[in-house]
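Notes follow once the structure below has been shown.
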């Protein structure tokens, strides 16, 4: 419902958030590669590299002999179903991840991103124990970045586009309200639209992981609840 357009949170500790830019570039390049595939080839790729609960639980053979099923707890995050799936994830990553990388540092942010990716997948697995469809998309990891941002910079201002009937630009709002509303919508849809093919639990698991990991991995000089 709210699409972030820009934040007013300057980078203070790193000259260039190249890990964030690199992650966006990798996701885009992989998507471009997939656009050259037939539908059958892309479906096969999602089975091979997506996270399928019954495969991770060793109830079904691994699609690729050389790739352990546990590896798909990470590889799934670099596959996207369509351009809108990719664009929405990369937009949130573009706006919020640079400050998270600034607060954690390059290496710790990369570790953070990997951990939230895996934890989001495990949350999906825990509540879809018999799932036989592949989980794909970076939304779990992006949710982790949003969780970190909500804890580190809740008072930073975010310019948003309200998508109610038609998109309407709104004045800047505190990140806490925008991200809190996003979290509330995930909880709402988890209740009323649990049967939809959306990984609500991965989103919530990633967000919770971001909240938990940010205080542990942040720079000592970075205070929580900042962004004023």
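The values are calculated or read from the model by the stated rules, or taken from the named source; none is laboratory data. This one's a predicted model, so the numbers in the text were calculated from it and none came from an experiment. For neighbour counting, all protein chains shown are included, and Cβ atoms are generated from backbone atoms with ideal geometry for every residue, glycine included.
Please work out which one of (1) surrounded by 14 or more Cβ atoms within 10 Å (Cβ to Cβ); (2) assigned to a helix (DSSP H, G or I); (3) touching a helix residue (DSSP H, G or I) at 6+ places or on another chain (Cβ under 8 Å); (4) at pLDDT 95 or above is the condition residue 34 fails and give its number.
Every listed condition holds for residue 34 apart from (4).
Taking segment 213-228, which residues are in a helix (DSSP H, G or I) and in contact (Cβ under 8 Å) with a residue 60 or more places away in the chain? Steps first, answer last, please.
Within segment 213-228, the first condition is being in a helix (DSSP H, G or I), and the residues that meet it are 213-217.
Hits for segment 213-228 are 213, 214, 215, 217.
Of the conditions (1) in a loop (DSSP other than H, G, I, E, B); (2) touching a residue at least 24 places away in the same chain (Cβ under 8 Å); (3) surrounded by fewer than 21 Cβ atoms within 10 Å (Cβ to Cβ), residue 74 fails just one. Which one is it?
Result: residue 74 fails condition (1) only.
Residue check: is residue 16 without any contact (Cβ under 8 Å) to a residue 12 or more places away in the chain, in a loop (DSSP other than H, G, I, E, B), loosely packed, with under 15 Cβ neighbours inside 10 Å and at negative phi?
yes
From the list 161, 151, 125, 104, which one is buried (at least 18 other Cβ atoms within 10 Å of the Cβ), in contact with a strand residue (DSSP E or B) (Cβ under 9 Å, 6 or more places away or on another chain) and at negative phi?
Selected residue: 125, the only one of 161, 151, 125, 104 that is buried (at least 18 other Cβ atoms within 10 Å of the Cβ), in contact with a strand residue (DSSP E or B) (Cβ under 9 Å, 6 or more places away or on another chain) and at negative phi.
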